[in-house]
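Following: one structure in structure tokens, then a few remarks.
The values are calculated or read from the model by the stated rules, or taken from the named source; none is laboratory data. Here the structure is a predicted model, which means the values were calculated and not measured. Cβ coordinates were reconstructed from backbone atoms using ideal geometry, including for glycine residues, and neighbour counts include every protein chain displayed.
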Amino acid sequence: GNGGGCDNTKVAIASEDAYLQGTTRFNNGDLRVESGNRISYLKFTVPSATETVTAVKLELAVSSDSGSGLIEVFKGTSNNWTEANLSNSNKPGEGAKLGSLNTSYGVSQSYQWTLSGVTPGETISLIVKQTGGNDVSFSSKEGSVAPKLILELECNDGGGDGGDGSGGDCVALEENGVVAVEAEHFVDQTKTTNREWYAFDASTTGTPTPDPDPNHASGASEGGYLEILPDTRVTHSDPLENGVSFSNTPGQVAIINYKVKFTNPGKYFVWVRAHSTGSEDNGVHVGIDGTWPASGQRMQWCSGKNQWTWESKQRTGANHCGEPEKIFINVPTAGVHTISFSMREDGFEMDKFVLSKVYTKPTGTGPTEVLVDCVKNDNKAYSNTLKETKIKVYPNPANDFIQIAGTQEGDEIIIYDLNGRKIYYTKTNSNIKHMDISRLKRGIYIISISGKDKIQFVKQ
């Protein structure tokens, strides 16, 4: 479950969407707008929020046809329509204009309209229409990238949420176009009736059977990994139960969710460190914010069997072992987003995943996971008692960056505030650690090194 923190964003997917061309309704994978000819209609249930809402944005992704010109968003005067019955007689009337955007719209690119007059918790109809320019087709909720309504929130705790699995109440942080996430640090799971992700370490026993694989924790990053169980389809000759042991459709079976905090939006390639022992345990799907884009479907491994192997390839009709640079997600905004994986084949084992703007295969166990916005008190690990130490922190006071000297590879670095609240976690891979503290508020903090050395520093 969640740890009671605050996400910087809340996202709703359109519950209904369609467009009218004259008197004809189109309810397919596209939402088209064309000046004087085509108008799109969307319906959302706006997420509730106790935090202060700083912005509301409609996000649409261009599907097959690029275009240009002024596109305006109006609030509908009624919600008495569905995508199955939308017509000129029941379509919502055009109310107040909520936002507008005048630009060129490129295929596979996402665009945002900042909206006014949207109330958290309400059901709202939006009318999207074009004035001048060249017509555009956007993806509908049946298309590859569903329309989103995004609430940006003001959080008192730094914007964190996280929590189940083994990750504590933290979120993984993207820095400089790269973020690493340990598979065990998930938030929650859904659609687990037939298959579920199970966490393993070296001592794990009692997991569901059949599971013909031995324990692979010894080679896993941080000594832990996940496996989808039970594993009934091990070889190609074993029975295939669609929707049970196999799902070529993403988001149908064994969904596992992660919170990731992005500082840089845009396109990210997805790398997963997986362990495959056969021909039927080497596929998975990846999605973002409840959507399953075509570019995240059918991740595939063929080489590197019987060991932990990094890969980012998509199985295609032309190449069943996967083609490079085709597995990616588009992150629409800075802030916290949900990254999800769902089963393609049971028995799939995942140790870690990396999202990177550059298509570069990680090596070894990959980049170090950086966790931030950790909101659970950890008084057992925290103590405000300082002692002499060989660890040095400089500069102190500091503005945006600090150096920590005297650490060893593998040391855990945790930052606490003076209330004992854990707000940052990482591991070091050298004897000098360079840390970005620009997101911390001004104040006094304690750095704990592997629970032994504690140093006070001041963030200016």
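Quick notes on this structure:
- Restricting attention to region 110-151, the residues being within 25 Å of Ala334 (Cα to Cα) and of a type in the set (Lys, Arg) number 2.
- Test result for Val53, aliphatic (A, V, I, L, M), closer than 30 Å to His185 by Cβ and touching an Asp or Glu at 6+ places or on another chain (Cβ under 8 Å): yes
- Of all residues in region 214-240, those being modelled with pLDDT of 90 or more, within 23 Å of Ile255 (Cβ to Cβ) and of a type in the set (A, V, I, L, M) number 4.
- Leading residue by the ranking (surrounded by the most Cβ atoms within 10 Å (Cβ to Cβ)) among those in region 97-147 that are closer than 18 Å to Thr291 by Cα and hydroxyl-bearing (Ser, Thr, Tyr): Ser140
- Some residue of region 286-301 being touching a residue at least 12 places away in the same chain (Cβ under 8 Å) and more than 19 Å from the chain's Cα centre (by Cα): yes
- Odd one out for Pro47 among (1) modelled with pLDDT of 95 or more; (2) assigned to a loop (DSSP other than H, G, I, E, B): (1)
- Condition met for Glu94 (of a type in the set (D, E, K, R) and at pLDDT below 95): no
- Of the residues in region 199-206, at least one is within 22 Å of Trp308 (Cβ to Cβ), assigned to a strand (DSSP E or B) and assigned by the TED database to the domain that holds Ser295.
- Extreme residue, modelled with the lowest pLDDT, among residues of region 143-198 that are part of a loop (DSSP other than H, G, I, E, B), among the hydrophobic types (A, V, I, L, M, F, W, C) and under 23 Å from Thr368 (Cα atoms): Cys170
- Evaluation of Pro265 against (1) surrounded by fewer than 20 Cβ atoms within 10 Å (Cβ to Cβ); (2) over 24 Å from the mean Cα position of the chain (by Cα); (3) farther than 17 Å from Met350 by Cβ (one fails), failing number: (2)
Per-residue answers, yes or no, for (1) assigned by the TED database to the domain that holds Ala18; (2) of a type in the set (A, V, I, L, M); (3) under 23 Å from Thr119 (Cβ atoms):
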residue	(1), (2), (3)
Leu42	yes, yes, yes
Ala49	yes, yes, yes
Ser63	yes, no, no
Gly76	yes, no, yes
Thr82	yes, no, yes
Asn85	yes, no, no
Pro92	yes, no, yes
Lys97	yes, no, yes
Gly106	yes, no, no
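- Residue within region 245-256 that is without any contact (Cβ under 8 Å) to a residue 12 or more places away in the chain and in contact with a Lys or Arg (Cβ under 7 Å, 6 or more places away or on another chain) present: no
- Inclusion of Gln307 among residues that are touching a helix residue (DSSP H, G or I) at 6+ places or on another chain (Cβ under 9 Å) and farther than 17 Å from Val181 by Cβ is warranted.
- Condition met for Gly106 (more than 26 Å from the chain's Cα centre (by Cα) and either under 27 Å from Phe328 (Cα atoms) or among the small types (Gly, Ala, Ser) (or both)): no
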